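Written out below as structure tokens is the structure these notes cover.
The values are calculated or read from the model by the stated rules, or taken from the named source; none is laboratory data. If you're wondering where the values come from, they're calculated on a predicted model, not measured in any experiment. Methodologically, a virtual Cβ is constructed for each residue, glycine included, from the backbone with ideal geometry; neighbour enumeration extends over all protein chains shown.
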Amino acid sequence: MTADIQVTRALFDEVMVPNYAPAKLIPVKGQGARVWDQEGREYIDFAGGIAVSSLGHCHPALVNALKTQADKLWHLSNVLTNEPALRLAKKLVDQTFAEKVYFCNSGAEANEAAFKLARRWALDTHGEHKNEIISFAKSFHGRTFFTVTVGGQASYSDGFGPKPGAVLHAEFNNLDSVKALISDKTCAIVVEPIQGEGGIIPGDAEFLTGLRQLCDQYKALLVMDEVQTGVGRTGKLYAYMNYGVTPDILTSAKSLGGGFPVGAMLTTTAIAAHLKVGTHGSTYGGNPLACAVAEAAIDTINTPEVLNGVLKNEQIFRECLQAINAKYQVFSEVRGKGMLLGAVLNEKYKGRSRDFFLAAAEQGLFALVAGTDVVRFAPSLVITEEEIREGMRRFEAAVQQVTSA
Ligand SMILES: *Cc1c(COP(=O)(O)O)cnc(C)c1O
């Protein structure tokens, strides 16, 4: 028998691969937008597990769905289908442009499926020459080798040997840069409606409309990566609905499971037909536990009260951030939509987003960064006004700490 393990932050450095640098505290409990660490210290959560905990921590609807399903059936693999997966797929199809759904376990996997499908569709319908994928500088699509190569940060894909080919990068919000690259060889344009990891940069309506037109003109597929923007985060079920621009393939994860790992790729019947039996798959994808939780998340989020609440919360966030900025002059702008907001540091504080993030944690607030120049907020969609105002008091203390240092 081994003695009981002492779980401390030092144990992380001892036993974990060093690809992360987590904060010093270790959270042990969460409720709504509040989290408590091993010492019992309380934090307000404006990070939401990076835009994942869409209904906060331990929302009763999700806890109930998980516990109910846990007593019934956990896993089958895809040699059998299951009720929660079919119900979730039906709801996604009913509420979006899509007619078919593929389930997986993460955003990267949803994008991997999307990119493989786009390539296979182009091969089947146009021939081998049509294989180029155009994506954007600063974009983020996951960490598998294909998705990280399509992503627009070479530092994430360099250093692992030869990369998947036929991937081109244009400038976000610059249609001319896309026109310079697009051709009959293009099979897909891949875009986040709001670039998340890249710095909370909203796509312009004309830009996204223009991408749709270019895809139609060159018979390429428009793939929207809504892993971060999806499932209510911008006040619509999916962000494309804000623009009136319909993709051919959409990927979803993060908020979809509200904290339980699940991903989905949505598309039309005609395009889906090219993923024939045996062409792609996942052992866990669409498992009953994940789909039961995601179904409860969709049911709870896709209501006028919650979606309108997201926009109301955005207003409170913006007012509070403006008030803080009026006092301390740290931001040049606040951008993004709904509960996906980025406070952009001005010249004086450029490059110091991590300082604000660390000071916030010291003051009892979880925030996020998006690159070195943006402090990002991606809290629960149903965060209460009281939680927002308390979190903002702590954020102000963090801003004061950084600016007075
Ligand atoms: C987080 C994210 C991904 C990757 O999702 P994982 O679940 O970490 O694989 C892909 N695309 C976007 C836009 C994201 O924000």
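Numbers for the structure displayed
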read-out: Filter result for residue 251 (touching an Asp or Glu at 6+ places or on another chain (Cβ under 6 Å) and in the same structural domain as residue 88 (by TED's automatic domain parsing)); value: yes
read-out: Residue satisfying all of: in the stretch 314-342; in a helix (DSSP H, G or I) and polar (S, T, N, Q); surrounded by the most Cβ atoms within 10 Å (Cβ to Cβ) among these; value: 325
read-out: Residues of the stretch 93-118 classified as surrounded by fewer than 24 Cβ atoms within 10 Å (Cβ to Cβ) and either away from the ligand (no atom under 12 Å from the Cβ) or in a helix (DSSP H, G or I) (or both), total; value: 10
read-out: Of residues in the stretch 174-208 being in contact (Cβ under 8 Å) with a residue 24 or more places away in the chain, away from the ligand (no atom under 16 Å from the Cβ) and of a type in the set (S, T, N, Q), the one surrounded by the most Cβ atoms within 10 Å (Cβ to Cβ); value: 186
read-out: Conditions (1) under 20 Å from the mean Cα position of the chain (by Cα); (2) part of a helix (DSSP H, G or I); number of the one not met by residue 68; value: (1)
read-out: Looking only at the stretch 233-292, and only at residues there that are within 15 Å of the chain's Cα centre (by Cα) and farther than 24 Å from residue 189 by Cβ, the one that is farthest from the ligand (Cβ to nearest atom); value: 235
read-out: Residues located in the stretch 130-142, provided they are more than 17 Å from residue 210 (Cα to Cα) and either within 16 Å of the ligand (Cβ to nearest atom) or outside any loop (DSSP other than H, G, I, E, B) (or both); value: 132, 137, 138, 139, 140, 141, 142
read-out: Residues (part of a helix (DSSP H, G or I) and closer than 18 Å to residue 221 by Cα) located in the stretch 148-179; value: 150, 175, 177, 178, 179
read-out: In the stretch 345-388, residue surrounded by the fewest Cβ atoms within 10 Å (Cβ to Cβ) [restricted to those that are among the polar types (S, T, N, Q) and touching a residue at least 24 places away in the same chain (Cβ under 8 Å)]; value: 384
read-out: Residues being assigned to a strand (DSSP E or B) and surrounded by fewer than 22 Cβ atoms within 10 Å (Cβ to Cβ) - total across the stretch 29-56; value: 8
read-out: Evaluation of residue 145 against (1) over 15 Å from residue 223 (Cβ atoms); (2) hydrophobic (A, V, I, L, M, F, W, C); (3) more than 13 Å from the ligand (Cβ to nearest atom) (one fails), failing number; value: (3)
read-out: Members of the stretch 26-72 found to be at positive phi and not β-branched (Val, Ile, Thr), listed by number; value: 32, 40, 48, 49, 51, 56, 58
read-out: Selection within the stretch 198-227 - touching a Ser or Thr at 6+ places or on another chain (Cβ under 8 Å), in a loop (DSSP other than H, G, I, E, B) and either of a type in the set (A, V, I, L, M) or under 30 Å from residue 353 (Cβ atoms) (or both); value: 198, 220, 226, 227
read-out: Contacts under 6 angstrom Cβ, first residue in the stretch 237-256 being within 16 Å of residue 299 (Cα to Cα), partner among the hydroxyl-bearing types (Ser, Thr, Tyr) and at pLDDT 95 or above, 6 or more apart; value: 253/106; 255/54
